[in-house]
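Below: one structure, written as structure tokens.
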Amino acid sequence: MKRKNIIILLSVFLVLIAIAYLSSNIKADRCPGCNVLLISIDTLRADHVGAYGYERSTTPNLDSLASGAILFENAISQAPSTLPSHTSMLTSLYPSEHGAEIWSYLGGSKTTLAEILKSRSYSTAAFVSGSQLNKSYNLGQGFDTYDDSSMEKNAGNVTALSLDWLSEHYKEKFFLLVHLFDPHHPYSPPEGYNVFDTFNDTKSVVWNASSLSIEDSTGLLLGIRSGRVNITEKELEHLISLYDGEIRHADYNAGILLDRVGKLGIANRTIIIIVSDHGEEFKDHGGMLHSHTLYNELLRVPLIIKVPGMPAARIGGQARLIDIMPTVLDALGIAAENLRGVSLLKTTGSLDAYSERFGNATRLLAEISLSTGKEKIIYSIQRGSKRIFDLESDPKELVDIANSTGAIGLDKKLSDVFSSLEREQGKSVINKEQEERLRSLGYMV
Ligand SMILES: [Zn+2]
């Protein structure tokens, strides 16, 4: 054999060895048969999490997890309110498709992550704490245990229930969803967690914000949103500090759960996901609360995924909550079909993020948006108008450039997604009592 041929053969051999080595590494990166712990912290803006650059120490436990996990810097929720957002996480469908928003429940024909895992012999449980996730909305599909007994209680309740369940099931393959409600208003950090607030104006209209009932808190915050109640910068800072204290308490409880996973000796076979369903506005665009816009203070949320054996990373490209289910299934080595999202373990680059908002009073789709990560379009179905933002030069979405840019590509991307939706016509499930509840939470005005 000629020397040249020997070199070619040797090169091919080396390439084959390299491919085999890389393939085995990719396999090793996956986690077949692993447990899944999904912790959803309601109403948590990404920019109030330490690992996302917040200057206050709101989240020491999440930060510690993030340092050894994959952190998605630009994770976008598909809806700015609790039920549609969680349902998108657990079905990998857009809100119009799964049909679960405040007026309607999840249709039985949709497949949830819990159902797939249950069919694979997983023990499945969810402990939730917001009325938007109560049993009647059907998000319990596929969960052996769906506990909604902690409605609007602080994270300690849900954490204790989750730890009890974990102590009984940690030797089995499990999927556990824990939903912590603390950062949701009223902004009332428990004793010992009001650690960021220095406000002392006892005559202020927001002085007693931390001791208000949920109904009164909604009234105050809607008053501020509408301009009926005027507040100063210092008063706004007071509300933000209380909110941050609640985040600290949710983080403390998330830390207890993460610590228990370690103590039970299952950290090396448990995939951990930390996420929020939506953010919260503090006058970023003049408003308060959530569910009323598609701006990023409501859509950009933390997303931290720890897969045993996978190295830590920070991913700058855009990710979406509909990608959680395919990512989990990919990590477990389970094939999946008919999902809108993609596995974030396979994706490089930025994913276009489509989101929807329903009108509280009309019950109809009010706004839709699409963000490429560099630019974003928000289209108002009610008004028939659009706003466009350059997220690179204007990340806070303050300067509408719709009149000065063609943005033909963005328009097309938005309409392509919108026209491809397979809409689910949900049925209303709420009664008078639930309607009052939604009103007190600020979901109906
Ligand atoms: Zn929520």
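Quick notes on this one:
- Order of H278, H185 - criterion: other Cβ atoms within 10 Å of each residue's Cβ, fewest first: H185, H278
- Extents of region 62-196, largest first, come to 46, 37, 32 Å (Cα atoms, principal axes, whole angstrom).
- Helix-only [θ]222 nm of the chain, DSSP H runs n ≥ 4, -39500 (n - 2.57) each, per residue, nearest 500: -10500 deg cm²/dmol
- Amide hydrogen neighbours beyond the local backbone of T270, cut-off 5 Å, H modeled: N35
- Residues M325, M310, M151 arranged by fewest to most Cβ contacts within 10 Å: M151, M310, M325
- The order of W165, W207, going from fewest to most other C-beta atoms within 10 Å of their C-beta, is W207, W165.
- By the Cα gyration tensor, region 168-274 has an equivalent ellipsoid whose semi-axes, rounded to whole angstrom, run 37, 14, 10 from largest to smallest.
- log₁₀ of I(q)/I(0) at q = 0.21, 0.31 Å⁻¹ - region 352-409, Debye sum with one point per alpha carbon: -0.80, -1.28
- 10 Å binning of all Cα-Cα separations within the chain, expressed as whole percents from 0 upward: 4, 21, 31, 25, 11, 4, 2, 1, 0, 0
- Kyte-Doolittle at least 0.5, axis length at least 24 Å by Cα - qualifying DSSP helices, the chain: 3-29
- Each Cα pair under 8 Å and six or more residues apart adds its separation to the average, and for region 99-232 the resulting relative contact order is 21 percent.
- Members of K110/K412; K374/K413; K135/K376; K110/K263; K173/K263; K118/K306 lying beyond 25 Å, as alpha-carbon distances in this model show: K110/K412; K135/K376; K110/K263
- Taking trypsin sites (Lys or Arg not before Pro) across region 79-120, the ones in a DSSP loop with at most 15 further Cβ atoms lying within 10 angstrom of their Cβ are R120.
- Unit charges at the beta carbon, dipole of the chain: most positive-side option, L65, H185, Y54: L65
- For the pair region 363-425 / region 130-148, the C-alpha centres are spaced 32 Å from each other.
- Close amide H partners of T59, meaning residues 5 or more places away or on another chain with modelled amide H under 5 Å apart, are G50.
- Close amide H partners of Q318, meaning residues 5 or more places away or on another chain with modelled amide H under 5 Å apart, are S350, L351.
- Evaluating 6.51 cos²θ - 1.76 cosθ + 1.60 at θ = phi - 60° for every residue in region 201-213, the Karplus couplings come out as 7, 5, 9, 5, 5, 10, 3, 9, 4, 6, 10, 6, 5 Hz, glycine and proline recorded as x.
- Restricting region 31-127 to GluC sites (Glu not before Pro) that sit in a DSSP loop and have at most 15 other Cβ atoms within 10 Å of their own Cβ leaves E55.
- Take every Cα pair under 8 Å whose residues are at least 6 apart in sequence, average their separation, divide by the length of the chain, and the relative contact order is 25 percent.
- Every pair of different Cα atoms in region 246-399 enters the Kirkwood calculation, which places the hydrodynamic radius at 17.8 Å.
- If both residues of a DSSP beta bridge must be in the chain, then about 50% of such bridges are antiparallel.
Since every read-out is calculated from the coordinates, none of them should be taken as a lab result. Worth saying up front: this structure is predicted, and the values here are computed from it rather than measured. So basically every Cβ, Gly included, is an ideal-geometry build from the backbone, and we count neighbours across all protein chains shown.
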